[in-house]
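*Asks:* One structure, as structure tokens, below. Some questions next.
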Amino acid sequence: MRALLIRGRLWLLGALSGSVFVLTGCDPSVREEILGGVGSAATQLATTFIGAFFQSLINNAQEDAATTVRAILEQLPQYFA
């Protein structure tokens, strides 16, 4: 597992450094367009994951509350009968 993590970090480092070297020879307007698009995509991806995380927390809280109430109501006749 640790070797996979190290390999992934090295791959990411190589990909980022390679893209920097490739973009140094580009036209400045093309470079700005590419970097702007990558930045926008990264921001939208992070926003999507954060929104999905909070939505799953809200859904789990609503499902747990309904299940708990239903379970209590199903058990009440046993205690009062």
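*Asks:* What is the one condition in (1) within 22 Å of the chain's Cα centre (by Cα); (2) not in a helix (DSSP H, G or I) that Cys26 does not satisfy?
*Replies:* Among (1) within 22 Å of the chain's Cα centre (by Cα); (2) not in a helix (DSSP H, G or I), Cys26 violates only (1).
*Asks:* Quick one: is Gly14 at pLDDT 85 or above and not hydroxyl-bearing (Ser, Thr, Tyr)?
*Replies:* So Gly14 does not fit the description; no.
*Asks:* Same structure again: Leu57 - would you say it is at pLDDT below 90 and within 20 Å of the chain's Cα centre (by Cα)?
*Replies:* Values: at pLDDT below 90: yes; within 20 Å of the chain's Cα centre (by Cα): yes.
Yes: the conditions hold for Leu57.
*Asks:* What single numbered condition from (1) at pLDDT 85 or above; (2) surrounded by 10 or more Cβ atoms within 10 Å (Cβ to Cβ) fails to hold for Ser29?
*Replies:* Every condition holds for Ser29 apart from (2).
The values are calculated or read from the model by the stated rules, or taken from the named source; none is laboratory data. Just so we're clear, the structure is a prediction, and the values are computed from it rather than from any experiment. Cβ: placed from backbone, ideal geometry, glycine included. Neighbour counts: every protein chain shown.
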